[in-house]
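Down below is the structure, laid out as structure tokens.
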Amino acid sequence: MRLTMMVALLVSAVPAPAAPRAQVVGHGTPASCTSQAVVAAVAKGGTITFDCGPKPVTILMKATAKVRNNSATVVLDGGGKVTLSGGGKRRILYQNTCDKAQLWTTSHCDDQATPRLTVRDLTFADGNATGERTDGGGGGAIFVRGGQLKVVGSKFLRNRCDPTGPDVGGAAIRVLDQYRDRPVQVVRSTFQGGVCSNGGALSSIGVSWVISGSVMTGNRAIGRGANPARAGTPGGGSGGAIYTDGNRFTVRIAGSRIEGNRAREGGGAIFFVSNDRTGTLRIEHSTLRRNPNAGFATAGFPGIFFLGAGKPQVVSSTLK
């Protein structure tokens, strides 16, 4: 009886995912759309829209918006008119189910179903995760560990993360862990001008991706020494646009264009390393061109460095 009561008390002490709610940032004017309002809305969760007036508006974030781990869903919908700017000083959006500061909801923090984070029709500009150390850093615009992430119709411009390091990456987005290894979905989105040690646009460890109808241009991996770092170097420099590492994971790129990105080391467009050689890369109905790498690439696949199961699957696509 006592054991049963103790278990019941422990279960009741764990916060349940909060019910979705609708929130509006602003009340009709640009001045009413503030960083403070965005941070508060993200912490409450639910569907968040913006009422900042009829014209496009940029909200300068004075603090990073952080998702609380008892939120069932967080949807940020910019309506195509809102830019969240890190001002070149800070990360813009953060979700980490293993960060006790955002509520501890389960001992299986790296594999919990919620929060389900969606960003839609929103621009993330000038985010900067340089110096962030939690879970290895990275993710100048968005950092996610755990739960689920989906990106739809959004733009990522001039984001940054640490310039050196063998595994830090994701000038725009860095992802570690997704619920039941489900893929991060990126749909109809643009990544431009991102700079990081690795992954000038996207970076992950052991995470799968489905990228469709998207464009990645002018992103750079600027680290030096690759991974593991060569003697006498700080490491990094791979995956001009995309940097992925880990064991069993997949990357599928469909109907997308990856062009004009570059890497100081390997994979001017894509760096893909499946350590146990079980991971797969599929590129279909897409164009990859002019993605130089100063170090190394996989023969026959311009702009790509691949270590995984077999060879990259390329279907009705252009690589040059």
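The numbers here are math on the coordinates, done by the rules we state, and not lab data. Treat the numbers as computed from the prediction; the structure is a model and nothing was measured. All Cβ positions, even for glycine, are placed from backbone atoms using ideal geometry, and neighbour counts span all protein chains on display.
Extension gain for the segment ALA294 to ASP110, taken as residue separation times 0.36 nm less the Cα-Cα distance, is 62.7 nm to one decimal. Find the centroid of the Cα atoms in region 280-320 and in region 160-223, then give the distance between the two in whole Å. Each part reduced to its Cα centre gives a spacing of 16 Å.
Modelled spin-label separation between ALA101 and VAL24, with each label point placed 7 Å from Cα along the Cα-to-Cβ direction: 3.3 nm. In this simple spin-label approximation, LEU307 and ASP135 carry label points 7 Å from Cα along the Cα→Cβ vector, and these lie 2.5 nm apart. Could you work out how far helix 35-44 tilts from the main Cα principal axis of the chain, as a 0 to 90 degree angle to the nearest 10? Here the helix axis deviates by roughly 80 degrees. In this label model, THR287 and VAL215 are separated by 1.0 nm, measuring between points 7 Å along each Cα→Cβ vector.
The calculated Kirkwood hydrodynamic radius for the chain is 19.6 Å, given to one decimal from all distinct C-alpha pairs.
Adding -39500 (n - 2.57) for every DSSP H run of four residues or longer, then dividing by how many residues the chain holds, sets the calculated 222 nm ellipticity at -2000 deg cm²/dmol. Taking the empirical scaling 2.2 N^0.38 Å for compact globular proteins as reference, region 168-320 has a Cα radius of gyration ratio of 0.90. Could you pull out the pairs from LYS55/LYS320; LYS89/LYS150; LYS89/LYS311 whose alpha carbons sit more than 29 Å apart here? Over 29 Å Cα-Cα: LYS55/LYS320; LYS89/LYS311. Principal-axis analysis of the Cα atoms of the chain puts helix 2-13 at an angle of about 70° to the longest axis. Classification of region 53-197 by its C-alpha gyration tensor yields an oblate form. The axis ratio a/c (a ≥ b ≥ c) is 1.5 or more, and b/c is at least a/b.
Taking a straight line from the alpha carbon of LYS100, these aspartates and glutamates sit under 20 Å away, with near neighbours fewer than eight places off in the same chain left out: ASP110, ASP111, GLU132, ASP135, ASP177.
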